[in-house]
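Since the structure comes first, as structure tokens, the remarks are kept for the end.
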């Protein structure tokens, strides 16, 4: 059963306060270098000596990479099981401390709000608060995602 | 001359209102599939038939991919030429319309604010407003990035 055939939850099936553990990922040196070469070729993401001399104090992932890894976890553990119709945007993303090479980051998502679209009653807007911590339990990143979710009632399902 | 040896601008050298054209990139089907497989494996980013049936109406990039491509342009055209010390976060990211396969997106960055750090006078916080448009001039994404920049005065340079 794949994502196209699995039973999916719709807007009406979601509740504010639902919390989902999104799993974890270890961020290796190689992942950091590979990302930096393609998307964020700043010295302190590409060169360990430059990284040590930087404010980060060592090799750390690009913040956008930390976000991409988090959203992959969100997709796998949550969005792919609901009738997600795409992201609208983010608010208040904070990189609270660096994700250093070989850190293991874990994420949790909590449904913060659910609002039926005024213009499109066949869908709603879900806000998910995401918290990412490292293996010491320290917060690495927080952000809130606004995501469209299809509603069941208007689809005759 | 590379990023480690090029003359760099410091916090004092920046001014609110400075606008930088960040160039453009064409987002191909292959780029969309490659990203989606690694970071956002939702049906409407991986399957053209599912994409046509989705609210997006066709194959479109993951919003986080649009952001990654924009930040690459920001690095190449701007951050790599200043004493950027890393991102703090961003606010108000909005995906205003999808970036469809084969769209060419262009970005512009404008320095919206500059504030010396109260706790660390050797650095300051720069907020850059980013606007991404497609080849029709329609807004695809907007976001504001808060970024640390090293100051010259406190470094004896």
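The values are calculated or read from the model by the stated rules, or taken from the named source; none is laboratory data. From a predicted model like this one, the values you see are computed outputs, not experimental measurements. All Cβ positions, glycine included, derive from the backbone under ideal geometry; neighbour counts span all protein chains shown.
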Qualifying residues in the stretch B:43-58 (those that are in a loop (DSSP other than H, G, I, E, B) and touching a helix residue (DSSP H, G or I) at 6+ places or on another chain (Cβ under 7 Å)) - the one nearest to residue A:88 (Cα to Cα): B:56
Just checking, which of B:23, B:86 is in a strand (DSSP E or B), at positive phi, within 13 Å of chain A (Cβ to nearest Cβ) and touching a residue at least 40 places away in the same chain (Cβ under 8 Å)? B:86
Quickly run through the stretch A:104-150 and pick out the residues that are surrounded by 15 or more Cβ atoms within 10 Å (Cβ to Cβ), assigned to a loop (DSSP other than H, G, I, E, B) and away from every other protein chain (no Cβ under 12 Å). A:134
Among what's in the stretch B:48-64 and is surrounded by 17 or more Cβ atoms within 10 Å (Cβ to Cβ) and at pLDDT 90 or above, pick the residue that is nearest to residue A:64 (Cα to Cα). B:64
Given the conditions (1) farther than 19 Å from residue A:150 by Cα; (2) surrounded by 17 or more Cβ atoms within 10 Å (Cβ to Cβ); (3) away from chain B (no Cβ under 12 Å); (4) out of contact with any helix residue (DSSP H, G or I) (no Cβ under 7 Å at 6 or more places or on another chain), and given that residue A:101 satisfies all but one, which numbered condition is not satisfied? (4)
Only one of A:75, A:67 is free of Cβ contacts under 8 Å to residues at least 12 places away in the same chain, under 26 Å from residue B:59 (Cα atoms) and buried (at least 21 other Cβ atoms within 10 Å of the Cβ). Can you tell me which? A:75
Looking at this structure, is residue B:15 modelled with pLDDT of 90 or more, closer than 25 Å to residue B:123 by Cβ and surrounded by fewer than 23 Cβ atoms within 10 Å (Cβ to Cβ)? yes
